[in-house]
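See structure below.
The values are calculated or read from the model by the stated rules, or taken from the named source; none is laboratory data. In this text, all values refer to a predicted model and were calculated from it rather than measured experimentally. No Cβ is skipped: glycine too gets one built from the backbone with ideal geometry, and neighbour counts run over all protein chains shown. Calculation scope for accessible area: heavy atoms of the full protein, side chains included, ligands and nucleic acids excluded. Shrake-Rupley method; radii C 1.70, N 1.55, O 1.52, S 1.80 Å.
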Amino acid sequence: MRLKHVKNADKIIEEGLYYIKKPKEYKGKWNTIFKNNNPIYIEIGMGKGDFIIENALTYPNINFIGIEKYDSVLVRAVQKSNALELSNLKLVRYNAENIEDLFDKEVEVIYLNFSDPWPKDRHAKRRLTSPNFLKKYTNIFKNDNHIIMKTDNTSLFDYSKDSLQEAGYTINKITNDLYHSTYIDNNIQTEYEKKFIARNVKINYLDAIKGEKHDRRR
Ligand code: SAH
């Protein structure tokens with residue numbers, strides 16, 4: 001995606017209405033920042049934020065946190081959300097490599113939308129669905145591990161499906177053509193998705209759950 005340089009991006013981000021400057025301070029206590037105990041859903045790699053912002057508008061009883069490592073796109077999410085009145089949205093600048101710094105058993109759902117595919121085998125560890133990342137996520141989930149993903153990239157999708165299953169996830173919903181499936185109801189589009197749909201590219205979608213923690217508690 002080509003990006004126009006935003007002047008003073010850093011300042012705009014720091015002053016963002018929903019931007020959290022020191023997210024590590026809220027590890028284990030995000031409920032205090034939202035001032036309620038509603039479920040927390042996060043998107044890792046939210047880009048310019050269309051998906052997470054639209055979700056926050058649509059589902060006021062769910063708390064949404066968008067995580068993004070690059071200022072150049074995060075600044076767009078900040079600008080869009082500044083124009084809205086939302087009590088259930090927070091935006092964070094962070095590298096998901098260190099996602100365990102931010103959450104402790106408090107996330108209900110992780111959304112991974114159009115994640116970087118890292119096509120080379122030697123970069124497989126960087127994929128957000130690699131065993132390496134799935135292990136990190138285990139510690140941030142509150143109950144069941146629940147990952148919902150969309151991507152145009154069939155290689156990444158197939159890899160992720162295998163990786164999730166190997167980690168003990170059950171794939172409850174899956175399609176290689178979201179727009180010709182029943183899962184399209186209630187679908188909220190991302191920026192990448194809008195571009196791919198305009199070019200008639202098929203969107204892969206899956207919803208996977210691992211109920212490990214429930215089992216352990218018994
Ligand atoms: N979800 C958006 C953007 C997809 S592009 C959409 O669907 O339109 C993938 C995004 O993930 C990029 O903005 C990239 O900067 C971000 N990203 C990739 N690796 C990341 C990481 N380790 N931590 C946080 N963000 C990451």
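Summary of computed values
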| item | result |
| --- | --- |
| Part-to-part distance (alpha-carbon centres) for the range 160-197 and the range 59-132, which is given in Å | 17 |
| Amide hydrogen neighbours beyond the local backbone of G16, cut-off 5 Å, H modeled | none |
| Contact order relative to length of the range 1-140, as percent, for alpha carbon pairs under 8 angstrom and 6 or more apart | 29 |
| Per-residue SASA entry for K173, accessible area with 1.4 Å probe, Å² rounded to 10 | 80 |
| Anisotropy class of the range 87-218 from Cα gyration tensor, a/c 1.5 cut | rounded |
| Largest to smallest accessible area among Y111, Y159 [probe 1.4 Å] | Y159, Y111 |
| Three-way shape call for the range 24-85 based on the alpha-carbon gyration tensor, with the a/c threshold at 1.5 | oblate |
| Within a Gaussian network of the chain (alpha carbon springs, distance under 10 Å), most fluctuating of Y26, Y205, Y18 | Y26 |
| Signed unit charges on C-beta, dipole axis of the range 114-218, positive-most listed residue Y169, S155, H180 | Y169 |
| For the range 1-149: rounded, prolate or oblate by the Cα gyration tensor [a/c cutoff 1.5] | oblate |
| Members of K24/K69; K27/K195; K35/K150; K29/K173; K69/K136 lying beyond 26 Å, as alpha-carbon distances in this model show | K27/K195; K35/K150; K29/K173 |
| Accessible surface of the chain, 1.4 Å probe, proportion on carbon and sulfur as whole % | 46 |
| Å² of accessible area per residue within the range 126-218, as computed with a 1.4 Å probe and no ligands counted | 53 |
| Dipole in debye (nearest 20) - the chain, about Cα centre, beta carbon charges: Lys, Arg +1; Asp, Glu -1 | 460 |
| Solvent-accessible surface (1.4 angstrom probe) belonging to D121, in square angstrom, nearest 10 | 140 |
| Where H123, H5 fall by accessible area, highest first, once all protein chains stay in place (1.4 Å) | H5, H123 |
| Per residue value of the accessible surface for the range 1-105 (all protein chains in place, 1.4 Å probe), Å² | 53 |
| Accessible-area value, E15, 1.4 Å probe, nucleic acids and ligands omitted, Å² | 120 |
| Computed over the range 81-192: relative contact order in percent, which uses C-alpha pairs under 8 Å that are six or more apart | 27 |
